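Q: One structure is given below, represented as structure tokens, and several questions about it will come after.
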Amino acid sequence: MEIKEYVIKRKEGMIQEISTLDRPPVLSIISVGHNPASESYMKGKCKDSADVGITAIRTGLDESATEEELLDVIRKQNADDSIDGIIVQLPVPAGIRESSIIETICKEKDVDGFRKDSPFVSCTPKGIVDYLEREGFNFSGKNAVVMGRSNIVGRPMAKLLLDRSCNVTVIHSKTCEEDKKLFLANADLIVVAIGKEAILNSSYKLKETAWIVDVGINRGEDGKLHGDVEPNLPVAKQTPVPGGVGLLTRLALIENVLEASKNK
């Protein structure tokens, strides 16, 4: 099933479930400054929320806002029982620590799943694994390679795959090229989250049966969006960019908001 069709079907199920609740779930989206890319992402999150009946409220702070001013907004929303989930749109201006944001959002409302003690799974890995399961990928005993070790994607992705009994290898900037080629040549599943256009390309020998998940979004010299993976590699399945993992991430976010609402 194509990702767009999959997301539509999952949303249909959420619409039915939300219609039975006493009140619509509420997601708070906080931003600092005016980043055009962030504005686009927030519009997408608001649209997804509206599609299923979730109320999205936005709080925008000026570029000059201090870390303490942002954290004060978060603390007030932590205490507001009408708000089920809180996210802060990244990136934030220099001088505001992402770690402080993550630590301040209470775990019950951490629908991004960034806290170590969060009851929610980080959105991008969750969206990917849910989709792969729906598509029938058999994780147990498979060789999985995760390219990238960020706290948002790479590390939680590796953990989810380990939890599903994959043999997991994480490739990063210190992995030598010889080892990289060896790991990729034996991979049944490759998740690429580096942030560099076509870092996985036809120069690597891959299994014809391999599945590739492309997390990267890069603005090319042609002004178009490109993934971390060269398009149309000779493998069994490869997610597109755009129209791929971004949709799965946003779906996972609103699913976490619904879960947060039900947990209350």
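Q: When the Kirkwood radius is taken over all Cα pairs of the range 59-195, what Stokes-Einstein diffusion coefficient follows at 20 °C and 1.002 mPa s, in µm²/s? All intermediate terms of the calculation are to be shown ahead of the outcome.
A: Numbers: Rh = 16.9 Å.
Reported coefficient: 127 µm²/s.
Q: Rank these residues by their accessible area, most exposed first, probe 1.4 Å: ARG10, ARG134.
A: Working: ARG10 80, ARG134 120 Å².
Solvent-accessible surface, decreasing: ARG134, ARG10.
Q: Rank these by accessible area, largest first, 1.4 Å probe: GLU230, GLU67, GLU98, GLU221. Walk me through the intermediate numbers first.
A: Numbers: GLU230 60, GLU67 30, GLU98 85, GLU221 200 Å².
Sorted descending by solvent-accessible area, the residues read GLU221, GLU98, GLU230, GLU67.
Q: I need the calculated FRET efficiency for the pair CYS176 and ALA236, taking r as the beta carbon distance and R₀ as 22 Å, to the nearest 0.05. Present the calculation step by step, with values, prior to reporting the outcome.
A: Details: r = 27 Å, r/R0 = 1.24.
For R0 = 22 Å, the calculated efficiency reads 0.20.
Q: Hey, another quick one. What does the charge count near GLU230 come to, summing +1 for each Lys or Arg and -1 for each Asp or Glu among other residues with Cβ under 10 Å from its Cβ?
A: Working: positive: none; negative: GLU197, ASP214, ASP228.
Net charge in that neighbourhood comes out at -3.
Q: Taking 0.36 nm per intervening residue step and subtracting the Cα-Cα distance, what contour gain separates ASN263 from LYS47 on full extension? Kindly include the intermediate steps, with their values, before the conclusion.
A: Values: separation 216, 0.36 × 216 = 77.76 nm, distance 2.35 nm.
Gain in length upon complete extension: 75.4 nm.
Q: Could you name the lysines in cross-link range of LYS4, using Cα to Cα under 22 Å and dropping any fewer than eight places away on the same chain?
A: LYS43, LYS45, LYS47, LYS126, LYS224, LYS237
Q: Now a separate question. Ignoring ligands, DNA and RNA, what percent of the 1.4 Å accessible area of the chain is carbon and sulfur? Display every interim value, and only then the final one.
A: Values: 6560 of 13260 Å².
Ligands and nucleic acids excluded, carbon and sulfur reach 49 percent.
Q: Then there is this: Can you send over the solvent-accessible area of ILE96, 1.4 Å probe, protein chains only, in Å² to the nearest 10?
A: Its heavy atoms expose roughly 20 Å² to the probe.
Q: What is the extension gain from GLU103 to LYS159, computed as 0.36 nm multiplied by their sequence separation minus the C-alpha to C-alpha distance, in nm to one decimal? Show your work: numbers first, answer last.
A: Details: separation 56, 0.36 × 56 = 20.16 nm, distance 2.08 nm.
Stretched fully, the GLU103-LYS159 segment lengthens by 18.1 nm.
Q: Less than 15 Å apart at the alpha-carbon level, and either on another chain or at least 8 residues along: which aspartates and glutamates does that give for LYS205?
A: Correct list for LYS205: GLU177, GLU178, ASP179, ASP188, GLU230.
Q: Just from its helices, what would the mean residue ellipticity at 222 nm be for the chain, if runs of 4 or more DSSP H residues each count -39500 (n - 2.57) and the sum is divided by every residue, rounded to the nearest 500 deg cm²/dmol? Could the numbers behind the result be given before it?
A: Details: 8 runs with 102 residues, N = 264.
It lands at -12000 deg cm²/dmol.
Q: A further question on this structure: Quick one: what are the phi-derived ³J(HN,Hα) couplings along the range 35-41, Karplus 6.51/-1.76/1.60 with θ = phi - 60°, whole Hz, x for glycine and proline?
A: Whole-Hz 3J(HN,Hα) from phi for the range 35-41: 9, x, 5, 5, 4, 5, 4.
Q: Now, a different point. Please give the net charge around ILE29, taking every other residue with its beta carbon less than 13 angstrom from that of ILE29, where Lys and Arg add +1 and Asp and Glu add -1.
A: Details: positive: LYS43, LYS45, LYS47, ARG58, LYS109, ARG250; negative: GLU39, ASP48, ASP84, ASP112.
Counting the neighbours of ILE29, the net charge comes to +2.
Q: Going from most exposed to least, what order do ASP22, ASP179, ASP222, ASP214 have by accessible area with a 1.4 Å probe? If you can, show how the numbers build up before the last one.
A: Working: ASP22 160, ASP179 60, ASP222 90, ASP214 5 Å².
Result of the area sort, largest leading: ASP22, ASP222, ASP179, ASP214.
The values are calculated or read from the model by the stated rules, or taken from the named source; none is laboratory data. Owing to the predicted nature of the structure, the values given are computational and were not obtained by experimental measurement. When we count neighbours, we look across all protein chains shown, and the Cβ atoms used for this are built from the backbone with ideal geometry, even at glycine. Please note that ligands, DNA and RNA were not included when accessible areas were found on the heavy atoms of the full protein model with its side chains. Shrake-Rupley method; radii C 1.70, N 1.55, O 1.52, S 1.80 Å.
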